[in-house]
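The values are calculated or read from the model by the stated rules, or taken from the named source; none is laboratory data. Because the structure is predicted, anything quoted here is derived from the model rather than measured. Because the Cβ atoms are built from the backbone with ideal geometry, glycine has one as well, and the counts that use them run over all protein chains shown. Areas reflect the complete protein model, heavy atoms only, side chains present, ligands, DNA and RNA absent. Shrake-Rupley method; radii C 1.70, N 1.55, O 1.52, S 1.80 Å.
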Amino acid sequence: MHNPWEDIDLNDYEGHMSLDSVYQLQVLSQIMKEQLYSYDVKNIMILGIAGGNGLEHIDKNRFKKVYGVDVNRQFLQESRERYCHLEDVYETICTDLLRGDLQLPTSELLIANLLVEYIGYECFQKVVKLVGPRYISCTIQINTGESFVSDSPYLHAFDNLKQVHHQMDEQNLKDSMEAIGYRLIQTLEYLLPNGKKFVQLDFGSEDRI
């Protein structure tokens, strides 16, 4: 199945996400700064990296490898160009996480911000098992209205995402992670200007922490 994320233009995505009435790009950058430095790790995988928002916080002297994963080649190309100073540590992987023959390298920390909603809990479990991280940090969006996409001039650029979107629930995410051996470490909430909120849930491997 063709993934609708492959058709999204980066200018539309970032234009929408950075609007004052949405303000999600800015908040996600600060969340990633927190995620990157909360745990003593050298290798990180970021799922749904898009144009690289948050990579500005990467210290090349601290991290040996940072994988950026996305299904959209344009997103990954732009992220490499924007953060060319990170070329010694930053490696992009273009793949659809929904594919049956998915292969991914291992990493100590797995970051998935606004990503689980587009692959579902079961697929995310599969990804976690492949990557085998010590820590997982997820940010999910909790919707207070009918639409998961905030109203903006860019709204119709995202119409086809309904095909792959899953409504998120904190407890269901916790349960799905516990089922594969990860326990909740912390939960953080971030209020957004349009009535929505982000919830960050961090998990640790029961066998490795």
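In segment 1-91, the alpha-carbon atoms span a convex hull of 100 Å³ per residue. Our helix-only sum for the chain, with -39,500 (n - 2.57) per DSSP H run of n ≥ 4 divided by its residues, gives a mean residue ellipticity at 222 nm of -7500 deg cm²/dmol. Of the solvent-accessible surface of segment 4-105, computed with a 1.4 Å probe over protein heavy atoms with every protein chain present, carbon and sulfur atoms account for 41 percent. Kindly flag which residue pairs out of 126/174; 42/126; 60/197; 174/197 have an alpha-carbon separation exceeding 21 Å in this structure. Going by Cα-Cα distance, 42/126; 60/197 fall outside the 21 Å limit. Once each of the trypsin sites (Lys or Arg not before Pro) sitting in a DSSP loop with at most 14 other beta-carbon atoms within 10 Å is removed, the chain keeps 100-207 as its longest stretch. Select from 92, 139, 187 the residue whose mean-square fluctuation is largest in a Gaussian network model of the chain (Cα-Cα springs shorter than 10 Å). Comparing 92, 139, 187 in the GNM, the peak value goes to 187.
For the chain, the Cβ-based charge dipole about the Cα centre amounts to some 620 debye (Lys, Arg positive; Asp, Glu negative; other atoms uncharged). Positive end of the dipole of segment 13-119 (Cβ unit charges, origin at the Cα centre): among 115, 77, 38, the Cα lying farthest that way belongs to 38.
Set against the 2.2 N^0.38 Å expectation for a compact globular protein, the chain has a Cα radius of gyration ratio of 0.96. Computed about its Cα centre, the charge dipole of segment 1-79 is approximately 600 debye, with only Lys, Arg, Asp and Glu carrying charge at their Cβ.
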